[in-house]
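Just below is one structure, and these are the notes that go with it.
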Amino acid sequence: LIDDEVDFLEIFHTKLRTAGFRVEIADGAEKGIEAAKKLKPDLILMDMKMPKMNGAQAVIKLKEDPETRDIKVVFLTNFGDPRIDVEEVDRKFSKDIGAMGYLRKTSDLDEIVQKIQTFFK
């Protein structure tokens, strides 16, 4: 779980662990990339908007590196337009740079956990 917001990391860390996931956290893209190289996680949940390096830049770096290019990544964002046509553009953008898609941070936590579980099937 990579995000620059400490409160968000704590909340999501607790929720995902309660749901049965093993969760490691990194408070920023640079630390997240380093951790991904060491841990080789099954999935990275990556915040889009972070200082220094944003989530899109971090995913591009991960996908360029042979050590990390096969790690699944899903964006977490406060952005996102609920209109279906705009949502499709957001999904396409995510996939074009190498992510599996995106989840809105503002969605219900139980719903987010259910969606995360689908990335492991």
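The values are calculated or read from the model by the stated rules, or taken from the named source; none is laboratory data. Remember, predicted model here, so these are calculated numbers, not experimental data. Note that we place each Cβ from the backbone using ideal geometry, even for glycine, and neighbour counts take in every protein chain shown. Keep in mind that these areas ignore ligands, DNA and RNA; they rest on the heavy atoms of the full protein, side chains included. Shrake-Rupley method; radii C 1.70, N 1.55, O 1.52, S 1.80 Å.
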Members of the range 28-52 found to be modelled with pLDDT of 95 or more, touching a Leu at 6+ places or on another chain (Cβ under 8 Å) and not in a helix (DSSP H, G or I), listed by number: I44, L45
Candidates R83, R104, filtered to the one that is of a type in the set (K, R) and either at pLDDT 95 or above or open to solvent by 90 Å² or more (accessible area, probe 1.4 Å) (or both): R83
What number of residues within the range 65-79 are at pLDDT 90 or above and part of a loop (DSSP other than H, G, I, E, B)? 7
So G55, is it modelled with pLDDT of 80 or more, farther than 22 Å from E34 by Cβ and open to solvent by less than 40 Å² (accessible area, probe 1.4 Å): no
For a quick check of your reading of the model, give me the residue pairs whose first member lies in the range 9-31 and is open to solvent by 80 Å² or more (accessible area, probe 1.4 Å), whose second is small (G, A, S), with beta-carbon atoms closer than 7 Å and at least 6 apart or on different chains. E24/A35
